[in-house]
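Here's the structure, in structure tokens; my notes come after.
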Amino acid sequence: MKRVALWLVSEVGEGNTFTKEQLREAFPGVSQVDRRMRDLRDFGWRIHTNREDAGLDSREQRFVEPGDPVWEPGRATRRTGTMAIGAGRRREVLSNDGNMCRSCGITPGEVHAGTHETAQLDIARREVVKPDGTRAVELVTECKRCRVGGRSLTADLGKVLKETAGLNPIERKVLSDWVAADQRQFSRLEQIWSDYRSLPEASRAQLRAELGLG
């Protein structure tokens, strides 16, 4: 991991791209060099793939920003609260999250509304503030779109106007109030439900226990 960090700083350079092939060629005979590079993220290193940067193809990665100087003595100890995500752990998180994005609810292979883009799920680290004020990092499932953001999307005003014209008077009044305020007021139950859906599984389990659901 230390050698990979030095290679990124001295050979790739901050803001530049590289491929998996270049990484492996730089460290011939080193086993699991890809994993050693991924481990740098636990030390604050920002290395993007096409999941975070839509401008990259599947072979490319971008060295965005260095983190802790892990080559210095004592700096390569894994931070408290971070964890490596192996294949088994990834499957477990996906299963616990119902194999869907906990932010928008989409499932893998499902097409995002208004696009031809199929959803791809990934595992994200999310900081959770516990009831006692402590903070913990937990794993949660998100789709690529929620991670990267809504880039290259096209808004369809015609569709919005057509759908609005088909509303009944009560629905139209509700929508008018939302538009006038430029926000939708959620009920307490709706807000709690929304917050619950975005929680990682370990935290969702605490609420289920609070409700007596086991």
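The values are calculated or read from the model by the stated rules, or taken from the named source; none is laboratory data. Bear in mind the structure is a predicted one, so any value in this text is a computation, not a measurement. For neighbour counting, all protein chains shown are included, and Cβ atoms are generated from backbone atoms with ideal geometry for every residue, glycine included.
Any chance the stretch 102-114 includes a residue that's at pLDDT below 80, assigned to a loop (DSSP other than H, G, I, E, B) and among the hydrophobic types (A, V, I, L, M, F, W, C)? Scanning the stretch 102-114 turns up at least one residue that is at pLDDT below 80, assigned to a loop (DSSP other than H, G, I, E, B) and among the hydrophobic types (A, V, I, L, M, F, W, C). It is to be established whether one or more residues within the stretch 136-156 are over 22 Å from the mean Cα position of the chain (by Cα) and at pLDDT 80 or above. No, every residue in the stretch 136-156 fails to be over 22 Å from the mean Cα position of the chain (by Cα) and at pLDDT 80 or above.
Here's the yes/no breakdown for (1) closer than 23 Å to A119 by Cβ; (2) polar (S, T, N, Q); (3) without any contact (Cβ under 8 Å) to a residue 60 or more places away in the chain:
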site	(1), (2), (3)
R24	no, no, yes
S31	no, yes, yes
M37	no, no, yes
R46	no, no, yes
T49	yes, yes, yes
E52	yes, no, no
G55	yes, no, yes
S58	yes, yes, yes
P69	no, no, no
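The criterion of at least 1 residues that are at pLDDT 90 or above is met by the following helices (runs of 4 or more DSSP H) wholly inside the stretch 4-99: 20-26, 87-96. Please enumerate the residues belonging to the stretch 166-214 that are under 30 Å from the mean Cα position of the chain (by Cα), basic (K, R) and part of a helix (DSSP H, G or I). Answer for the stretch 166-214, where residues must be under 30 Å from the mean Cα position of the chain (by Cα), basic (K, R) and part of a helix (DSSP H, G or I): R188, R197, R204, R208. Close contacts from the stretch 129-148, counting a first residue that is surrounded by 15 or more Cβ atoms within 10 Å (Cβ to Cβ) and a second that is assigned to a helix (DSSP H, G or I) and of a type in the set (S, T, Y), with Cβ to Cβ under 8 Å and a gap of 6+ residues or different chains, come to E138/S203.
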